[in-house]
1. What number goes with the only condition from (1) at pLDDT below 95; (2) in contact with a Lys or Arg (Cβ under 8 Å, 6 or more places away or on another chain) that residue 7 does not pass?
2. Surrounded by 11 or more Cβ atoms within 10 Å (Cβ to Cβ) and in a strand (DSSP E or B), is that true of residue 15?
3. Name the residues in segment 37-62 that are of a type in the set (Lys, Arg) and in contact with a Pro (Cβ under 7 Å, 6 or more places away or on another chain), would you?
4. Would you please name the residue that is farthest from residue 11 (Cα to Cα), looking only at residues in segment 38-63 that are among the charged types (D, E, K, R) and surrounded by 13 or more Cβ atoms within 10 Å (Cβ to Cβ)?
Amino acid sequence: MLPDEADIGAAIEAARQRLGPDAGPWQTAAAGIFGIARERSHVPADGDRIELYRELLIDPRRARRDRAARGSKGSG
């Protein structure tokens, strides 16, 4: 449990210590709360979900189009 005045950076550091350095891009990822980017110095409210954002490896729109194209070849 973190103190009430803990910022996002402190929460991320606590998670890193608990989950280990390989569990996420702790130092490089952008952070946010409920899909809204926030500075690591931001103090979240009780119950806020802190998130780490990293770049996508695959564009989801392109992956969806590729799956649809593969699926339509078999039916017809």
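1. (1)
2. Spelling it out, it is not the case that residue 15 is surrounded by 11 or more Cβ atoms within 10 Å (Cβ to Cβ) and in a strand (DSSP E or B).
3. 54
4. Taking segment 38-63 first, the residues among the charged types (D, E, K, R) are 38-40, 46, 48-49, 51, 54-55, 59, 61-62.
Next cut, surrounded by 13 or more Cβ atoms within 10 Å (Cβ to Cβ) only: 38, 40, 48, 51.
Numbers: 38: 13, 40: 9, 48: 11, 51: 10 Å.
Among them, the one singled out is 38.
The values are calculated or read from the model by the stated rules, or taken from the named source; none is laboratory data. All figures in this text were calculated on a predicted structure; none of them were measured in a lab. Glycine also receives a Cβ, built like all others from the backbone with ideal geometry; neighbour counts cover every protein chain displayed.
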